[in-house]
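A short write-up of the structure that comes next.
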Amino acid sequence: MTEQEIEKLVREKLNDAYQSEEHPKKFFITENGRGVTDGGDLYNALLNDMMRVTEKALTGILKEALKK
């Protein structure tokens with residue numbers, strides 16, 4: 001498998017896993033533990049960041065494992 005094929009496979013599998021789960025419509029965050037603020041953008045930004053980090057980690061692991 002080439003590095004590009006590994007990257008594509010990881011991306012596709014993560015996307016499939018993401019699509020198979022139901023995600024919250026809104027993410028609520030409280031500043032002082034009382035008032036609730038709609039933070040949907042914050043949730044989506046965090047989720048996208050974590051998906052990118054996971055994709056990079058899995059791709060790196062697979063590339064390293066296939067070198068051996």
>> Condition first: modelled with pLDDT of 80 or more and either in contact with a Pro (Cβ under 6 Å, 6 or more places away or on another chain) or aromatic (Phe, Trp, Tyr) (or both). Now tell me which residues in segment 1-32 satisfy that.
In response: TYR18
> Quick check, is THR59 surrounded by 10 or more Cβ atoms within 10 Å (Cβ to Cβ) and modelled with pLDDT of 85 or more?
Replying inline: yes
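The values are calculated or read from the model by the stated rules, or taken from the named source; none is laboratory data. From a predicted model like this one, the values you see are computed outputs, not experimental measurements. Don't worry about glycine lacking a Cβ; one is built from the backbone with ideal geometry, like all the others, and counts go over all protein chains shown.
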